[in-house]
Amino acid sequence: MAEQEPGAPEIMAGGVVGLDVSGGIARLTLDQPRRLNAMTLEMWRSLPERIGRAVADPAVRVLLVRGAGERAFSAGADISEFGTVRADAAQAAAYEEAVSAATEALLNAPVPTVAAIRGICFGGGLELALCCDLRLSDDGARFRMPGARLGLGYGFPLVRLVVQRMGAAAAADLLFSARVVTAEEAASLGIVQRVAPASAFDGAVEDYLGLIAGNAPLTLRAAKRAMLEALRTDGPADTEAVDALVARCFASADYAEGRAAFAQKREPGFKGE
């Protein structure tokens with residue numbers, strides 16, 4: 001795991017992962033701003049439950065992951081607690097299991113997922129961001145995988161994720177150099193899909209989330225399942241599951257509403273049924 005950004009205040013760990021749902025949008029907040037939202041073991045452990053609760057709500061059309069405050073999305077793992085939660089091999093294995101469960105839950109969320117990135121996005125924080133389908137950042141964001149400067153190794157699932165999201169050459173640059181990447185370069189490397197000025201970032205994020213949330217929920221879930229199946233590495237794609245979700249779209253009242261709205265030149269009112 002990546003270490004926390006140097007220079008963070010040394011205070012007691014106590015971060016949480018907040019969940020708020022409104023307007024078809026579930027917002028997960030990595031909340032430990034005085035440590036640059038570094039992830040504690042309890043934060044890792046709480047993520048699958050928070051994600052599960054969010055996506056079980058049929059009203060949720062998109063899931064946002066963000067960091068509290070304006071200084072960081074997340075600086076990675078909170079190393080201040082490693083002496084107590086990763087002190088031996090058994091604890092280290094349990095820690096990695098918690099991280100794996102958190103990242104798998106985010107990767108496999110059945111709705112579109114978006115990371116909103118301000119400031120620092122390093123190590124485990126960047127891993128979480130890459131688990132999302134899309135990443136938006138402000139123009140002051142910074143990205144880094146510092147493992148090569150720390151002497152630690154990144155496991156195969158993380159390296160595979162970086163390669164899938166960025167391509168092999170860009171992934172090699174990020175992992176081999178351990179350098180800090182600016183938001184502008186992150187966009188060119190495929191780490192982020194959109195960059196907005198810091199002063200307008202919150203509005204840009206909300207506009208984009210609203211664009212997604214205003215679309216047909218059944219279509220969003222069908223497209224997400226197809227994307228997940230396309231990236232499967234543990235066996236053949238479950239195309240029958242995708243076909244069933246697509247068939248549900250065509251049989252839905254939302255499909256009729258979408259066609260009527262198009263013909264009448266008005267905004268559709270989708271209900272997910």
Could you go through the range 189-203 and let me know if any residue there is out of contact with any helix residue (DSSP H, G or I) (no Cβ under 8 Å at 6 or more places or on another chain), in contact (Cβ under 8 Å) with a residue 60 or more places away in the chain and in the same structural domain as LEU28 (by TED's automatic domain parsing). yes
Being of a type in the set (D, E, K, R) and free of Cβ contacts under 8 Å to residues at least 40 places away in the same chain narrows ASP88, ASP78 down to just ASP88
Condition first: among the small types (Gly, Ala, Ser), part of a helix (DSSP H, G or I) and over 19 Å from ARG53 (Cβ atoms). Now tell me which residues in the range 93-122 satisfy that. ALA93, ALA94, SER100
Collect the residues in the range 46-74 that are within 15 Å of GLY14 (Cα to Cα) and assigned to a loop (DSSP other than H, G, I, E, B), keeping them in residue-number order. ALA68
Name the residues in the range 49-73 that are under 24 Å from ALA93 (Cα atoms) and either surrounded by fewer than 17 Cβ atoms within 10 Å (Cβ to Cβ) or in contact with a helix residue (DSSP H, G or I) (Cβ under 7 Å, 6 or more places away or on another chain) (or both), would you? GLU49, ILE51, GLY52
Could you check the range 123-132 and list, in sequence order, the residues that are buried (at least 24 other Cβ atoms within 10 Å of the Cβ) and in a loop (DSSP other than H, G, I, E, B)? GLY123
Residues being exposed (fewer than 15 other Cβ atoms within 10 Å of the Cβ) and either among the hydroxyl-bearing types (Ser, Thr, Tyr) or in contact with a strand residue (DSSP E or B) (Cβ under 6 Å, 6 or more places away or on another chain) (or both) - total across the range 174-192: 3
Can you tell me which residue is nearest to the chain's Cα centre (by Cα) among those in the range 14-48 that are closer than 20 Å to VAL62 by Cβ and either buried (at least 24 other Cβ atoms within 10 Å of the Cβ) or among the hydrophobic types (A, V, I, L, M, F, W, C) (or both)? LEU28
Does ARG34 satisfy the criteria of being assigned to a helix (DSSP H, G or I), in the same structural domain as GLN91 (by TED's automatic domain parsing), farther than 22 Å from PRO112 by Cβ and modelled with pLDDT under 95? yes
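The values are calculated or read from the model by the stated rules, or taken from the named source; none is laboratory data. The shown structure was predicted, so the numbers you read here are calculated from the model rather than taken from an experiment. Using ideal geometry, Cβ is built from the backbone for each residue, glycine included, and neighbour counts are taken over all protein chains shown.
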